[in-house]
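Structure first, commentary second.
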Amino acid sequence: MRYAIAALSARRPFSVACMAAFVIQSAHSAETTTAPADPSDPLLTNDSTQALTGGIHTLPVVTINAARPVRPAFAPDTPGVVETITRRQIDAHNTVNTEDALKYVPNLMVRKRFIGDRNSVFSGRDFNEMQSARGLVYADGLLLSNLLGSSYGYPPRWSLIAPDDIAQVEVLYGPFSALYPGNSIGSTVQITTRKPEKLEASLDTQFFTQRYNDPYGFAQSFGGNHQSARIADRVGRFWYSLTLDRLENNSQPMQYAAPNGTYNPSFGTPVPVTGAATDIGPNGRPRVFVGPQMIERTQQLTETVRMGYAFTDHIDATLTLGHWENHYKDRAQTFLTDAAGNPVYGGNVTIGGRNYTLSPSAFSPANGDQENWLYAFGLNAKLDSGWRLSSTVSAYDVSHDVLRSATTAPPASLGGGAGTIFHGDGTGWRTFDLKAESPSVAGHTFTLGYHFDNYFLRNETYSTPNWLYGAPVTLASTYRGDTRTQAVYGQDAWRFAAGWLATLGLRYERWDAYDGALGNASSTLGYADRGANALSPKASVQWQATDNWRFRVSFATGTRFPTVAELFQGTVSNNALVNNNPGLRPEKAIDWDFTAERDVGVGVVRASIFQSDLRDSIYSQTTISGATTVTNISNVDRVRVRGVELAFSGQNVLLRGLDLDANVSASNARTLEDSANPGYQGNRWPRIPVVRANLLASYRFNEQWLASVGVRYSGRQYNTLDNSDVNPDVYGGTSSFTVIDLKARYKIDRHWLASIGVDNLTDRRYYVFHPYPGRTFYGELKWSL
């Protein structure tokens, strides 16, 4: 732990101040008694209140075991499928990062390539990891989603919520609620954080390691560690929570370098080499690899302060301040050696009697530094009339984002030399939300609201004579642009008869894109401003047939507008656009869901049938312009996803102490129309597997011991629109896989917990384009006040 404190002290004054506050407050030994839950407390849901007062029985809302029940982030009358992950379930996971809480959620997958992956996006029922703008993540109503782009490079800012701060996580499937933006056409994740009732403090340290062996002869151990500290308290009407989090890890290779089969005479006489690896690529053709790339070392530091104050019994405010730093290095290794045994990193080479060209940058190193800030303020009020008002304003700033990359080969480049400098400073977003909820009037409960967001992207890349320390010299590329969305919405939850609930909603959105530009050293292209409107109706009917049975049918449309990066981010080559499309049309979803739920005493069984019909789906594909082939972000005219889900979540199943979560989903995702590439019609949509399934079984032997077994399965899927990747279980492919996870936790006494675990017990080698981790071992020791 001294190492963690020293590392924090070496950072910024904010870190030191936070740690000092933690140490001082930890010395405070006064404790308060937590009062029992009050049925009239506005934090309790309708279902929770009925449970306390003996009211009408409905299907239970699962909450964590706590003195004060956790209020669901989604309203009880939310017109769609909502899955809840409680703190009790999260404790049964091998959890290092916040996104690990979603490991076993039905029909959802987090693309987490290694512990500390800064690009952890998630996929769901009808969208994949390359469509990140179709997934929303909130924490206490505060938007954490990075909607600057839509791909693996725009993940939610998970790290601004520490895993130990989580009270519960909920997932809403589809765009069925008018309260959420068009980006909810995929899934919406709501994280509810813990708010203290008395003094709380904890220190946690974790260690993890994997032995990685690839099919090409590369083998190495990779590991890291994670420390966190938390202190929270409530003093009268004021409460606060302070969290410090530090993580460092070394990843397995993310990519593999391949030589160019075209000989380049300017690189000199070919050098005969040995050590190259071969395999059959995803497209079924032989290929050559010369070494692993992007072996990343990451060091991350996060500080989060949350506080709240109740001015009266009916008015309260919250303030959130988050700070995240990431310092990373990407390195590579060569398989190749010459006749004298010296490593070969670039130039013309001869492999197996054939000449190849190896780019000088194939193994070049890169160093990155990122610093992000989050500011948010929320105000809530309950009027004497029974109306509830809430507002949230937030700002997210990328204050520092620099990536320095060498353009020359090692080993010389490790000490400096020519390179590039990427700057992403000045990028960020602003949001504002205002919501009003009425009391029930003649069976009607109304929700009205306004939403505003502004996303702005500022990226520049320069050449430099020294990639390690040199100043930028010549502009290589630049892109920038803004989007703005405003929305108003209304929703009515109408209990029109005993056991019946109809929820009707309408959302209007106005979107604008402006100030877009793309350029290089010789020219800059400006784009005309654009705007679009969308009207999205929602309707749902729910029937509580008996005490144990509930049925719901839901219909909704939703519109997801293009992001700044999809419109403006790319390169200029002879005035041609590459990897962006300023003329993109918004994508529109038309969704249906029929769900039946049954309370079986120890838990709830759910069965859902769903369909999502996507028009103008935004995706990256290859198009032809004259004699030139250009990779572009384009609209696919129509994509349809149909599927079924079965899920069960229960406690004390068959025997006391045994909790069980099991789910399976089957999907048929197809490209129905694609005017840009008619040959793709009828193909399976990329990265949506035919079958997904998860199982988490945890058993509490007694107050001290907890053990769990988790199984994650993902079936056959494709990585390309043309479905040409016929060999999925190699680098660049998308594997089917089954992985098994284990965990054991022991409560030593009232202050100390120890845990050990393993993910991917069988060391399954699988890929979602990138290779995923091998068998990974975990160890954890936690102290709590």
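Quick notes on this structure:
- DSSP beta bridges in region 244-398 [antiparallel fraction, %, rounded to 5]: 95 percent
- Fewest-first sequence of 684, 507, 670, 306 by Cβ atoms within 10 Å of each Cβ: 670, 684, 306, 507
- Long-range amide H partners of residue 291 with built H, under 5 Å: 257, 335
- In sequence order, region 398-410 has phi-based couplings of 8, 7, 8, 8, 10, 10, 9, 10, 7, 10, 10, 7, x Hz under the Karplus curve 6.51 cos²θ - 1.76 cosθ + 1.60, θ = phi - 60°, and Gly or Pro positions carry x.
- Gap separating the Cα centres of region 482-513 and region 142-169, nearest whole Å: 24 Å
- With a threshold of 21 Å on the Cα-Cα distance, the over-threshold entries among 198/743; 198/782; 435/538; 382/435; 195/747 are 198/743; 195/747.
- Which of 361, 393, 485, positive extreme of dipole for region 357-501 (C-beta unit charges): 485
- Extension gain, residue 312 back to residue 592 (0.36 nm per residue minus Cα-Cα distance, nm): 96.5 nm
- Here the Karplus relation 6.51 cos²θ - 1.76 cosθ + 1.60, evaluated at θ = phi - 60°, turns the backbone of region 680-696 into coupling constants of 7, 4, x, 6, 6, 6, x, 6, 10, x, 4, 9, 10, 8, 9, 9, 10 Hz, with x for every Gly and Pro.
- Point-to-point label distance, residue 539-residue 211, nm (Cα→Cβ direction, 7 Å offset): 6.1 nm
- Ratio of Rg to Rh over region 670-772 (Cα coordinates, Kirkwood Rh, two decimals): 1.22
- The separation of region 663-685 from region 67-106, counted between C-alpha centres, amounts to 31 Å.
- As a proxy for reagent exposure, ranking 718, 240 by other Cβ atoms within 10 Å from fewest up yields 240, 718.
- Computed 3J(HN,Hα) for region 183-195, one whole-Hz value per residue from the Karplus formula 6.51 cos²θ - 1.76 cosθ + 1.60 where θ = phi - 60°, is 5, 7, 4, x, 9, 10, 9, 10, 9, 9, 8, 7, 10, glycine and proline marked x.
- A dipole drawn for the chain from +1 and -1 charges on Cβ atoms has a positive end, and of 334, 505, 751 the residue lying farthest that way is 334.
- On the basis of the beta-carbon distance and an R0 of 30 Å, residue 749 and residue 729 show a calculated FRET efficiency of 0.05.
- R0 of 25 Å, Cβ-Cβ distance residue 388-residue 512: FRET efficiency to nearest 0.05: 0.20
- 222 nm mean residue ellipticity, helices alone, for the chain (DSSP H n ≥ 4; -39,500 (n - 2.57); rounded to 500): -1500 deg cm²/dmol
- Each of 176, 422, 551 was scored by other Cβ atoms within 10 Å of its Cβ. Listed from fewest to most, they are 551, 422, 176.
- Summed residue charge, Cβ within 14 Å of residue 288's Cβ, Lys/Arg positive, Asp/Glu negative: +2
- Convex hull volume per residue, computed on the Cα atoms of region 371-499, equals 150 Å³.
- Between the amide H of residue 148 and any residue lying 5 or more places away or on another chain, no distance stays under 5 Å, with hydrogens modeled in the peptide plane.
- This structure gives Kirkwood radius over Cα pairs in Å, computed directly, and of (1) 26.8; (2) 27.8; (3) 29.5 that value is listed as (2).
- The simple Förster model, with R0 at 41 Å and r as the Cβ-Cβ distance, assigns residue 260 and residue 369 a FRET efficiency of 0.85.
- Once backbone amide H atoms are built at 1.01 Å from N, residue 141 has 191 as its partners under 5 Å, excluding neighbours fewer than 5 places away on the same chain.
- Dipole of the chain, positive direction: furthest Cα of 350, 264, 463, with charges on the beta-carbon: 350
We did not get these values from a lab; they are worked out from the coordinates using the rules stated. Remember, predicted model here, so these are calculated numbers, not experimental data. Using ideal geometry, Cβ is built from the backbone for each residue, glycine included, and neighbour counts are taken over all protein chains shown.
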